[in-house]
1. Express the carbon and sulfur contribution to the solvent-accessible surface of the chain as a percent, rounded to the nearest whole number, probe 1.4 angstrom.
2. Taking the Cα atoms only, what angle lies between the long axis of helix 89-98 and the longest principal axis of the chain, rounded to 10 degrees?
3. Taking a 1.4 Å probe, which of Ser14, Ser87 shows the most accessible area, and what order do the others take after it?
4. All other residues with a Cβ under 12 Å from the Cβ of Glu76 taken together, and with Lys, Arg as +1 and Asp, Glu as -1, what is their net charge?
5. Rounding to the nearest 10 and keeping the result within 0 to 90°, find how far the Cα-based axis of helix 65-79 lies from the longest principal axis of the chain.
6. So which trypsin sites (Lys or Arg not before Pro) in the stretch 1-108 end up in coil per DSSP with only 16 or fewer other C-beta atoms within 10 Å?
7. Mind checking which lysines have their Cα closer than 29 Å to the Cα of Lys102? Skip sequence neighbours fewer than 8 apart in that chain.
8. If a/c stays under 1.5 just call it rounded; otherwise compare a/b with b/c (prolate if a/b is bigger, oblate if not). Do that for the stretch 1-108, with a ≥ b ≥ c from the square roots of the Cα gyration tensor eigenvalues.
Amino acid sequence: MLHQIIHAQCWTHSRRYFVKSQDAEPEATKEALDCIGAIYKVEDEIRKAELQGEEKREYRQQKAKPLVDQFFNWHEKQLQRLDLVKSNPLSKALGYVNKREKELRVYLDDPNVAIDTNHLERGLRCIPMGRKNWMFCWTEEGAENVAVFQTLIVSCLLAGIDPYKYFVDVLQRISLHPARDIRELIPRIWKEKFGAIR
């Protein structure tokens, strides 16, 4: 089973650029932040209603998509302003979202895609918190291996997989597993294909 990789972007990162423009452009920045806030309010409603799958996608289409359209219409008008110089922090914020519009809209069509990457950053927080431990990796290769394992552990947790069971199964399976099908051992795909066997 081939899974297509679709690039999505994070609304929180986009928001941070507008926060940086507050001093230079308080009025315009307020409009941007209010609009992004309204988009997040829809996600809040989805969480509270515990919507999943098609219901979640429908709700986003009905409630969030018009707000996202409104944000990008506002964004388009701001880009046409003649008084905005490139060095203005608002110009940088507008430029940031301008390059990422398509990727920022991905979450509207896919209920499995989160509006931001906050949950991933929280999951990987253990890496900077264990900074002193990583000094004992000794080599760059050792540090890269730690990064791979941490990524796999967090991927398991995000997919609702017990990392211990995953590693036991994969380490037993890998010597006989065809190299061409190595993608099947990615936690999310492993869960669909082999998770029920354990």
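1. Details: 7360 of 13310 Å².
The nonpolar share, carbon plus sulfur, comes to 55 percent.
2. With both axes taken from Cα atoms, the answer is about 60 degrees.
3. Ser87, Ser14
4. Details: positive: Lys77, Arg81; negative: Asp69, Glu101.
Neighbour charge sum, excluding Glu76 itself: 0.
5. Compared with the principal axis, the helix lies near 60 degrees.
6. Lys20, Arg81, Lys86, Lys99, Arg105
7. Partners within reach: Lys20, Lys30, Lys41, Lys48, Lys56, Lys63, Lys65, Lys77, Lys86, Lys92.
8. prolate
The values are calculated or read from the model by the stated rules, or taken from the named source; none is laboratory data. As the structure is a computational prediction, the values presented were derived from the model and not from experiment. Methodologically, a virtual Cβ is constructed for each residue, glycine included, from the backbone with ideal geometry; neighbour enumeration extends over all protein chains shown. Calculation scope for accessible area: heavy atoms of the full protein, side chains included, ligands and nucleic acids excluded. Shrake-Rupley method; radii C 1.70, N 1.55, O 1.52, S 1.80 Å.
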